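Accompanying notes for the structure given below.
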Amino acid sequence: MSISPGKQSPPYWSVSRLALAATFTLIIFSLTAWYTQPHWQQFFQPPPKRTQSTASLNLDDLEALQLTDNNNRISEHFDLSNLTIPRDQILSGGPGVDGIPSISSPQLAPISEPQPYHPDTRVITVTINRTTHIYPIHILNWHECVNDIIDATPIAVFFCPLCDSVSVVDRRFKNQTLEFGISGLLHNSNVLLYDRQTKSLYSQLKLQAISGPHAGQSLTHLSSFSITTYQQAQKQFPHAKIMTNDTGHHRNYSRNPYNDYLQSKHIMFPVSNQALDNSAQSIGIHPKTPVIALLIPDKPTTSDSRTSTTKDNSTALAISITAIQQSPNHTLTHPTPLGPITLSANPTTNTIAIINIPDGVIATHTLYFAWQAIHPNTQIILPTPSPQTQPATQPST
């Protein structure tokens, strides 16, 4: 008796299945290669965060490290001669030189033209001779400096997202017009910029160059700026021009990587003033209290004030935004030896502005901890106290 063989099953890996598997593998490989390219990663991953991994290193240590952009040493990027601050107070912020790219010749559009900005988007307005340019902070979060020209005046807007600091300078210095970039370095959790002409380093909140041929000297700081919202700027400056998202760089401008940080008491990078926490606690304020910070010389400056050394005989003052908001008509006037300073902070329109400031007084917007770390003898003006709070004006310790 013969037994006929059973029907054999076809092999699992048939030609069609092999072709399908090869196609699927190719698709996965292509998607992986596409995703891992730096150009595309930034659309899916958070940007590199400034970490504390290098925060405890001093400049000598950092010079032994290779910068992320081209593996050159720090001393090859910047003129470190005439350094006016201790070397060990200069820390790496993570990105190397120009790892955070500043913007030059920004793309501007009439503010009357629709932009993809939320009405409450914070913006910085700068007005010179009735010409106003507007710079959205959501763009500056990623670039920290804009080199621009307003009515034939070369200006730079500096913004440090670690301390929410805003300052505006005239870029002309003696016989040069400077262009600024981001060094990738920090001093007391505040950005250090550099000029591309002399490679000098500049501290935004120290208000002067800290190295190179310009060390110890200050640029002309402009007070004709305000911080407001996109919606309010449209109403107040209907003929202004506003910087667009067309920066030439691929960034997710709709995302604010610093929002949670600004709400917390955590300070990402060390500051030199160890009494900082006690100072903030002793006067009952959050270390990240927003303030208008002022450096007030004891006497009038000379006609050469644009290149004068930032004065040692000056008073450092911080006026909390809340104190201005709670003043009559949301306006606060403070006397100085050079004349009164008048500031406005309207909580309804979310606008902070300098109404009047004497010549020689330098003003910037920042957070209390950063200003006090660099200017430890700062006096602070707080809202009118209730019986449970501290006096309105009290020097820092």
**Q.** Complete set of residues in region 159-189 that are among the aliphatic types (A, V, I, L, M) and assigned to a strand (DSSP E or B)
**A.** VAL166, VAL168, VAL169, ILE182, LEU185, LEU186
Q: Evaluate region 102-120: report whether one residue or more is assigned by TED's automatic domain parsing to the domain that holds PHE237 and under 23 Å from VAL361 (Cα atoms).
A: no
Q) List, please: which pairs have Cβ atoms under 6 Å, are six or more places apart or on different chains, and start with a residue in region 74-92 that is crowded, with 21+ Cβ neighbours inside 10 Å and end with one that is of a type in the set (Val, Ile, Thr)? A) HIS77/VAL97; SER92/THR54
Q) Give me the pairs: first residue in region 282-311 and within 18 Å of HIS375 (Cβ to Cβ), second residue at pLDDT below 75 and surrounded by 13 or more Cβ atoms within 10 Å (Cβ to Cβ), beta-carbon distance under 6 Å, and six or more apart or on different chains, which are they? A) ILE283/GLN390; ILE283/GLN394; PRO287/ALA280; PRO297/LYS311
**Q.** First in region 128-149 and of a type in the set (Phe, Trp, Tyr), second anywhere and not in a strand (DSSP E or B), Cβ under 6 Å, 6 or more apart
**A.** TRP142/ARG251
Q: Residue by residue through region 161-183, note down the ones that are touching a Ser or Thr at 6+ places or on another chain (Cβ under 8 Å) and under 27 Å from ILE321 (Cβ atoms).
A: LEU162, CYS163, ASP164, SER165, VAL166, SER167, VAL168, VAL169, ASP170, PHE180, ILE182
Q | Verdict on ALA240 being crowded, with 24+ Cβ neighbours inside 10 Å, within 17 Å of ILE124 (Cα to Cα) and not assigned by TED's automatic domain parsing to the domain that holds ILE374 | A | no
Q. In region 166-221, which residue that is among the charged types (D, E, K, R) and at negative phi is surrounded by the most Cβ atoms within 10 Å (Cβ to Cβ)?
A. ASP195
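The values are calculated or read from the model by the stated rules, or taken from the named source; none is laboratory data. All of these numbers come straight from a predicted model, not from anything done at the bench. Cβ: placed from backbone, ideal geometry, glycine included. Neighbour counts: every protein chain shown.
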